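Report on the structure given below.
Readers should treat all values here as calculations from the given coordinates under stated rules, not as data from a laboratory. All figures in this text were calculated on a predicted structure; none of them were measured in a lab. Ideal geometry is used to build each Cβ from the backbone, glycine not excepted, and the neighbour counts take in all protein chains shown.
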Amino acid sequence: MSKIKPFTVDAFNHIAMRIDRTSAYIAFCDFALASLGRANSVTLDHAAIDRFADAMPADEKPSTRSSYLSPAAWAGPLNEVRVMHQFGAIIGQMGGFFEQQADGTTRKWELEGSGAKAVVAKMADIRKALGDAGEGETRPSKLGPKLTRLFDGTPMQAWRIAAMKEFYAAGAMKKTEQVLRASAPGLKDGQMVVGASLTLDFKTIQNLARAYPVSFGGDPLYKKAALLVLMANSHFAARKAEWLEGQSITLNSIVGADYRIPQGAMTEQLGMIRIDDELRQRIARREVMDINDPDVIKLRLATVLLGDRIARRSGRSISTVDSALITAGRDLAKLP
C-alpha cells in the first residue's frame, strides 16, 4: 500500500486560489485546518464560538469610513467604482507594518499606535501630491519619483510604491469598473443604474486579487481583498438613501484573516481558538513567523472558519461579525 502524502503548504496554496465559491472555500478551509501541519496545533472550540455568536449584538450601523476617501468620493454623488477604487488603493497598503532592524529589534510603522492610521495619513499626503487614485497623475515619469519620496522611511518601501502604482496607473479605474461589472452588470459611468443588483462575494474577492496582484494577490486567504469588499459594502449600505429605485446589494463574503481576530479569540475570556503548547511557546518568545508557516496559516484558517460559523448561527452579517471580532481582539489585547 502506498503511503498517503502529507497535505503541504504548497498544496494548500495551489487549491485555495482556484476555488471560486464561498461555500466551497469554507469547506476547503475546514479540511485544511485539520490536515495541515501538526495535528491539533490549532483547533476551534465550537461551544465557545456559539456562546460568542449567541451574545452578538444587532447588525451594526454601517459606516462610510469617509476618512479613507477623498471628498469627491464620500461627499459627491455615490459613484460605486470611485469608492471601490479609492478604498482599494488604501487597503492595498494595509500590512507590512513591522520591519526587523539590523540590531534584531522590530520597528512598527504607526500613527497613534495604529498602522491603519499611518496609512490613512500617508494616503492624504499622496492625494495632495498626485490627486485622487485613478483620476489624478498617471504618468510613470512623475509617479515613480513622487511615490519614492512620499514613502521614504516606511517599511517595505519598494512594495508600497508598486502597490500604489497599480491604482494610479493609466486605465486603473477601468480595472475596478470591470471587477464591479462582473458582480453588477448594471453599471454606467461608474454608477449603478435603476434596478441594478450588486453581489459582493468570493468571486469579487478573487477578481480584485487578479486585477491588482501586488496589492491583493499571492494570499490564498485573501485578507485585504476581503476587507475591501466588507468596507465597500458598509459604505454603500450607509448611503442607502442615495440608491436608485430597485437597486440592491448582496454581501456573501468571508471575514478578513486579520491578526487581531486570533489575538482575541485565543484569550481565556473567549477561548474560541485553541493552540498547542509548541505554538504557545513560539508566540510567547515573540518568534517572527513566515506567512507560509503552517501554524500561521492554520491561525488564519481558524479566523475564516469561526467568522463563518458565528455569522450562520447568529444571523448577523459577515461585516458585523468581522467588526465584532476585530474589536474584541483589540480590546482584550489592552488587558493586563
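For region 121-160, how many residues are assigned to a helix (DSSP H, G or I) and over 21 Å from Val83 (Cα atoms)?
Going through region 121-160 one residue at a time, the tally reaches 14.
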Being under 22 Å from Tyr259 (Cβ atoms), more than 23 Å from the chain's Cα centre (by Cα) and in contact (Cβ under 8 Å) with a residue 12 or more places away in the chain narrows Asp30, Asp54, Asp45 down to just Asp45
For region 1-20, name all the residues that are surrounded by 13 or more Cβ atoms within 10 Å (Cβ to Cβ), in a loop (DSSP other than H, G, I, E, B) and either out of contact with any helix residue (DSSP H, G or I) (no Cβ under 8 Å at 6 or more places or on another chain) or not β-branched (Val, Ile, Thr) (or both). Thr8, Met17, Asp20
Of everything in region 22-55, what is exposed (fewer than 13 other Cβ atoms within 10 Å of the Cβ) and among the basic types (Lys, Arg)? Give them in sequence order. Arg38
Inside region 78-105, the number of residues satisfying the requirement of being part of a loop (DSSP other than H, G, I, E, B) and surrounded by 11 or more Cβ atoms within 10 Å (Cβ to Cβ) is 8
Can you find, within region 197-255, the residue that is nearest to the chain's Cα centre (by Cα) among those that are crowded, with 24+ Cβ neighbours inside 10 Å, part of a helix (DSSP H, G or I) and among the polar types (S, T, N, Q)? Ser215
Considering only residues that are surrounded by fewer than 16 Cβ atoms within 10 Å (Cβ to Cβ) and out of contact with any helix residue (DSSP H, G or I) (no Cβ under 9 Å at 6 or more places or on another chain), look in region 143-157 and name the one that is farthest from Arg107 (Cα to Cα). Pro145
Select from region 284-303 the residues that are in a helix (DSSP H, G or I) and surrounded by 13 or more Cβ atoms within 10 Å (Cβ to Cβ) and list them in ascending order. Pro294, Asp295, Val296, Ile297, Lys298, Leu299, Arg300, Leu301, Ala302, Thr303
